[in-house]
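J.: The structure that follows is given in the form of C-alpha cells.
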Amino acid sequence: MHTSTLYDIPVSNHGARVRYLLYKKGLENDVQIQSPGKLGGLKSPEYTGLNPQGKMPLLVDDEFAVWEADAICRHILDKHATGPSFLPATLEARSTSEMLCRLHDAYIGPIQGAMYRAPPGVFGKFISRRAAIDELLEQLKVAESLAHPTGPYLTGPDVSLADATLMPTMVFFLHILPKYAESAPAPTAEPLDAAAGALGPRLLKWWVHMSQVDAEAMRVIEELKGGLDKWDEQGRWDTLLGAGVRDAEPPTIFDMILSGKIPSEIVYEDDVAIAFKDIAPAAPTHCLVIPRRRDGLSGLGAATGEHAGVLGHLMVVAAQVAKEQGLEDFRVVTNCGPSAGQTVPHIHLHVIGGRDLTWPPG
Ligand code: 5GP
C-alpha cells in the first residue's frame with residue numbers, strides 16, 4: 001500500500017535522484033510516483049500549498065510535505081531502513097559523499113539550466129551561457145578530484161547519496177555538453193565517447209559502472225534519456241547559443257587585434273571585453289569597446305536575450321574608458337549595418353569625445 005506520493009516527471013534530474021533511492025531500496029510499493037499535473041501543475045494553488053517553491057520533486061508522506069531532492073532523500077533514508085543505507089562504511093567516505101552532494105546542489109544545480117534553458121536568468125552569476133558552461137566543466141573537474149580511484153561508487157565500495165545526486169545530472173552533461181563543442185558535434189557520438197572528453201578517469205570509471213552494471217542506475221538513466229530524446233525531437237537546441245545557434249560569420253580585423261597579430265593601442269581589458277584606440281579617430285578621443293568573443297554579435301541587430309550580460313558589460317566598460325580618458329562629456333555609438341556606417345561585423349561601441357559633438361549625427 002502506498003503511504004507516500006512523489007510528485008515528479010521522468011526528465012527531472014532532481015527527481016531522478018529520489019527515484020534511484022526508491023528503486024535501490026525497493027520502495028516502489030510504499031511511494032507512488034505521480035506527475036505534478038495531478039495537482040493542477042507546479043504553479044497551482046494545490047501544489048504551491050504543499051511546496052511554496054512550485055518546483056519538483058515534492059514528497060507527500062501521509063499529510064507531511066517534503067521538498068528539495070536532498071531533503072526528500074534524507075527523509076526516505078530516515079524512515080525506511082530496508083535496502084542500502086546510502087551511508088558508506090567509513091567516515092571519510094561519508095564526508096566525501098557530503099562534499100559531492102554540496103558541490104552538486106550549491107555549484108552545479110543553480111547553473112545547470114545554462115545547458116538547456118533560454119534566458120533570462122539561467123546563467124546564474126555568469127555573464128553568458130558559455131561562461132556558465134565553462135564553470136560546469138570546472139565543477140566536473142572538482143568532482144573528479146573527490147571521486148574514489150577504484151570505486152565502483154563515487155566514494156568507494158558502498159553506494160551513497162553522492163551517486164544518487166550526481167548520476168542524473170551526469171546524464172544531462174553527457175547528452176548536452178557535446179552540443180556546445182566549438183564546432184557542431186557529431187550527431188552520432190556515443191555517450192561514452194562524449195564522456196571521455198568531459199570526464200576524468202575516475203568519473204569515467206564510475207560512469208561505466210552506473211550505466212552498464214548498476215541495474216537501478218541504468219533504469220533511471222533510461223528514464224532521463226527518454227525525456228532528453230524528446231527535447232532533441234522538439235528542436236530544443238536550435239535557438240540556444242552554442243548548442244544550435246553558432247557564430248558562422250567569418251573572422252574580422254578585430255580578431256587580429258584580439259590575437260595581437262595587428263598592433264593596437266589597448267586602453268582597457270578584462271576577461272570579457274577590450275577597448276582600444278580607433279585607427280582613424282573621429283574626435284580627439286575615439287576608442288572602440290568590443291567583446292572578446294563575438295558569439296553571434298556581428299552587430300547590435302543580432303542581439304538576443306543570450307547577450308544581455310555581455311551588452312550590459314560593454315556599456316559599463318564604455319563609461320570606464322571615457323572616465324579613464326578624462327572625458328566628462330562623451331558619446332557612445334554603435335553602427336548597425338552598412339547604411340548606418342558599420343564596416344566591421346563584430347559589435348563595437350565607439351566612445352567619442354574631446355570636442356563639441358553636434359546633434360543629430362549625419
Ligand atoms: P564601424 O565603421 O564598423 O562602426 O567602426 C569600425 C571602426 O574600426 C572604424 O572607426 C575604424 O576606423 C576602426 N578600425 C578599422 N580597422 C582598424 C584597425 O586595424 N585598428 C584600429 N585600431 N581600428 C580600426
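J.: For the stretch 26-116, just say rounded, prolate or oblate: build the C-alpha gyration tensor, square-root its eigenvalues into a ≥ b ≥ c, call rounded for a/c under 1.5, and beyond that prolate if a/b exceeds b/c, oblate if not. Before the final figure, lay out the partial values.
T.: Details: a/c = 2.55, a/b = 1.30, b/c = 1.96.
Note, shape of the stretch 26-116 comes out oblate.
J.: Using a/c under 1.5 as the rounded threshold, could you call the stretch 42-94 rounded, prolate or oblate? The axes a ≥ b ≥ c are square roots of the C-alpha gyration tensor eigenvalues, and prolate needs a/b larger than b/c, oblate otherwise. Working shown, then result.
T.: Details: a/c = 4.42, a/b = 2.33, b/c = 1.90.
Cα axes put the stretch 42-94 in the prolate bin.
J.: Calculate one ³J(HN,Hα) per residue across the stretch 67-73 by plugging θ = phi - 60° into the Karplus curve 6.51 cos²θ - 1.76 cosθ + 1.60, and present them in order as whole Hz with x for glycine and proline.
T.: Working through the residues one at a time gives 10, 6, 3, 5, 5, 5, 4 Hz.
J.: May I pose another question? Is the C-alpha gyration tensor of the stretch 253-353 telling us rounded, prolate or oblate? Criteria: a/c under 1.5 is rounded; beyond that, a/b larger than b/c is prolate, otherwise oblate. Before the final figure, lay out each step's value.
T.: Working: a/c = 1.29, a/b = 1.24, b/c = 1.04.
Note, shape of the stretch 253-353 comes out rounded.
J.: Continuing with the same structure: Between residue 280 and residue 204, what is the label-point separation in nm under the 7 Å Cα-to-beta-carbon projection?
T.: My value for the distance between the label points is 5.2 nm.
J.: Per residue and in Å³, how big is the convex hull formed by the alpha-carbon atoms of the chain?
T.: Values: hull volume 65.8 nm³, N = 362.
Spread over its residues, the Cα hull of the chain gives 182 Å³ apiece.
J.: At 222 nm, what value in deg cm²/dmol follows for the chain if DSSP H runs of at least 4 each add -39500 (n - 2.57) and the sum is divided by all its residues, to the nearest 500?
T.: Values: 11 runs with 138 residues, N = 362.
So the helix-based figure for the chain works out to -12000 deg cm²/dmol.
J.: Let me ask something else. Under 5 Å between amide hydrogens, which residues at least 5 positions from residue 58 or on another chain qualify, with H placed 1.01 Å from N in the peptide plane?
T.: Close amide H contacts, sequence-distant or interchain: 7.
J.: Please list, in chain and number order, the residues 5+ apart from residue 33 or on another chain whose amide H is under 5 Å from its amide H, with Hs placed from the backbone.
T.: 6
J.: Here is a follow-up. Subtracting the Cα-Cα distance from 0.36 nm times the residue separation, let me have the gained length for residue 359 to residue 62 in nm, one decimal. Show your work: numbers first, answer last.
T.: Working: separation 297, 0.36 × 297 = 106.92 nm, distance 7.07 nm.
Taking 0.36 nm per residue and subtracting the Cα distance, the gain is 99.8 nm.
J.: Now for a separate question. Tell me, what is the percent relative contact order of the chain, built from C-alpha pairs under 8 Å that lie six or more residues apart?
T.: Details: 501 pairs, mean separation 50.3, N = 362.
Answer for the chain is 14 percent.
J.: Could you tell me, in Å, what Rg and Dmax come out for the Cα atoms of the stretch 1-59?
T.: 11.3, 33
J.: When DSSP beta bridges are limited to those with both residues in the stretch 1-83, what percentage is antiparallel, rounded to the nearest 5? Please report the intermediate quantities before stating the final value.
T.: Values: 8 of 12 bridges.
Taking every DSSP beta bridge with both residues in the stretch 1-83, the antiparallel ones total about 65 percent.
J.: With angles folded into 0 to 90 degrees, how steeply does helix 91-102 sit against the dominant principal axis of the chain? Use alpha carbons for both and round to 10.
T.: Approximately 50 degrees, to the nearest ten.
J.: To continue, here is another question. How high is the FRET efficiency between residue 105 and residue 262 when r is their beta carbon distance and R₀ equals 41 Å, given to the nearest 0.05?
T.: Numbers: r = 46 Å, r/R0 = 1.13.
Here the calculated transfer efficiency is 0.30.
J.: Which value in nm describes the separation of the simple spin-label points at residue 95 and residue 212, placed 7 Å from the Cα toward the beta carbon?
T.: About 3.4 nm, to one decimal.
J.: Output the pairs from 55/141; 55/225; 205/225 with a Cα-Cα distance over 23 Å in this structure; if there are none, say none. Can you show the working numbers first?
T.: Details: 55/141 28 Å; 55/225 21 Å; 205/225 20 Å.
The answer is 55/141.
J.: Still on this structure, please answer the following. Starting from the 7 Å offset along Cα-to-Cβ, what nm value, one decimal, do you get for the label separation of residue 71 and residue 339?
T.: Going from the residue 71 label point to the residue 339 one covers 5.9 nm.
J.: Given a Förster distance of 22 Å, report the FRET efficiency between residue 229 and residue 138 from their Cβ-Cβ distance, rounded to the nearest 0.05.
T.: Numbers: r = 28 Å, r/R0 = 1.27.
Result of the calculation: an efficiency of 0.20.
Quick note: the coordinates plus some simple rules give every number you see, no bench work behind them. In this text, all values refer to a predicted model and were calculated from it rather than measured experimentally. A quick note on method: Cβ atoms are made from the backbone with ideal geometry, for glycine too, and the neighbour counts reach across all protein chains shown.
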